[in-house]
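Okay, so here's the structure we're looking at.
A short reminder: the numbers here are calculations on the coordinates, not readings from a lab. All of these numbers come straight from a predicted model, not from anything done at the bench. Cβ placement follows ideal geometry from the backbone for every residue including glycine, while neighbour counts extend to all protein chains displayed.
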Amino acid sequence: MANERILIVEDDRSTLRMLAESVEAAGYRASVAQTAAGAVAAARAQQPDVIVLDLVLPDRSGLEVCRELRGGASTDGVPIIMVTALGEPADKVSGLDLGADDYMVKPVDIPELLARIRALLRRHQSGQGEGSTAIAVDGFVIQPERLSVKRDGSVAVQLTALEFKLLYQLAARPDEIFSRQQLQSLVWGQEHGNTERAVDVLVNRLRGKLDALPKGSSIVRTVRGVGYRFRG
């Protein structure tokens, strides 16, 4: 462990203290914020390794914070775990759609939170566990060490940990069709509680970024009624 910094954003002081103490007891450095404005400022100044973000904040929604962080050059790739008392599938999809990498419902189970932090750190720091081998196909270069993709010498597009893992899984076996259930297991893990709808949300996020590349939007293709494939 490299003493990674975890930014915890939570307006309830007792919950904030409990989360911060638990994170520090696990060997991480904890920094805290109780408002949306404080969260954005801290994320930009500190560039944390993971952000644990409450959905309900006194000045703005955590969803708005997530959107703003994903739109900033220095914070776009920071893994975000959304934490909220709202557990409806629509709330989960909204968080994932705006760029959250993971989603937990209160009351937070500390061992589970720490496990999810570790998983996000592994994905972010080691190219999603796919090793350091870049994939070059049809002019596209997918680089694990940078969590990026470019085509024909274009400026590289930076991806979040989950966006990159999805792209890498598809590109490693071009033209193979993956069902949503398969991708859900490959990206989040078999034990994770995400719905298959979360795969569609992640694909749309990925495609939105790939639109910046020449012919980028055609990388991930939908196989109607089945799932997705790379090219083909």
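What the table shows:
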quantity	calculated
Dipole of the chain, positive end: most advanced residue of Gly216, Val226, Pro79 [Cβ charges, Cα centre]	Gly216
Acute angle (nearest 10 degrees) that the helix 110-125 long axis makes with the longest principal axis of the chain, alpha-carbon atoms	40
Helix 197-210 vs. the chain, principal-axis angle (Cα, 0 to 90°, nearest 10)	70
Where labels lie 7 Å past Cα in the beta-carbon direction, separation of Ala25 and Arg231 in nm	5.1
As computed over the range 133-195, the Cα convex hull volume per residue (Å³)	89
Relative contact order %, the chain, counting alpha carbon pairs below 8 Å whose residues are six or more apart	13
Relative contact order computed over the range 35-88 (Cα-Cα under 8 Å; 6+ residues apart), in percent	44
Exposure proxy order (Cβ contacts within 10 Å, fewest to most) of Lys106, Lys92, Lys150	Lys106, Lys150, Lys92
C-alpha long axis of helix 36-46 to longest principal axis of the chain, angle in °	70
Lys, Arg +1 and Asp, Glu -1 on Cβ, resulting dipole of the range 5-125 about Cα centre, debye, nearest 20	380
FRET efficiency, 1/(1 + (r/R0)^6) with R0 35 Å, evaluated for Asp152 and Glu196 via beta carbons	0.55
Å³ per residue enclosed by the Cα convex hull of the chain	113
Rg/Rh ratio calculated on Cα atoms of the range 4-57 (Kirkwood radius)	0.93
Size of charge dipole - the chain - debye, nearest 20, with Cβ of Lys, Arg +1 and Asp, Glu -1, no other charges	740
Förster radius 30 Å - calculated FRET efficiency between Arg173 and Gln47 (Cβ-Cβ, nearest 0.05)	0.35
Helix-only mean residue ellipticity at 222 nm for the chain, each DSSP H run of n ≥ 4 adding -39500 (n - 2.57), per residue, nearest 500	-12500 deg cm²/dmol
Calculated FRET efficiency for the pair Val137/Arg224, C-beta based, R₀ 25 Å, to 0.05	0.60
For the range 5-125, alpha-carbon Rg and Dmax in angstrom	12.7, 34
Two-decimal ratio, the range 147-232, of alpha-carbon radius of gyration to 2.2 N^0.38 Å	1.03
Relative contact order [Cα under 8 Å, 6+ residues apart], the range 5-125, whole percent	23
Long-range amide H partners of Ile8 with built H, under 5 Å	Ser31, Val32, Ala33, Val52
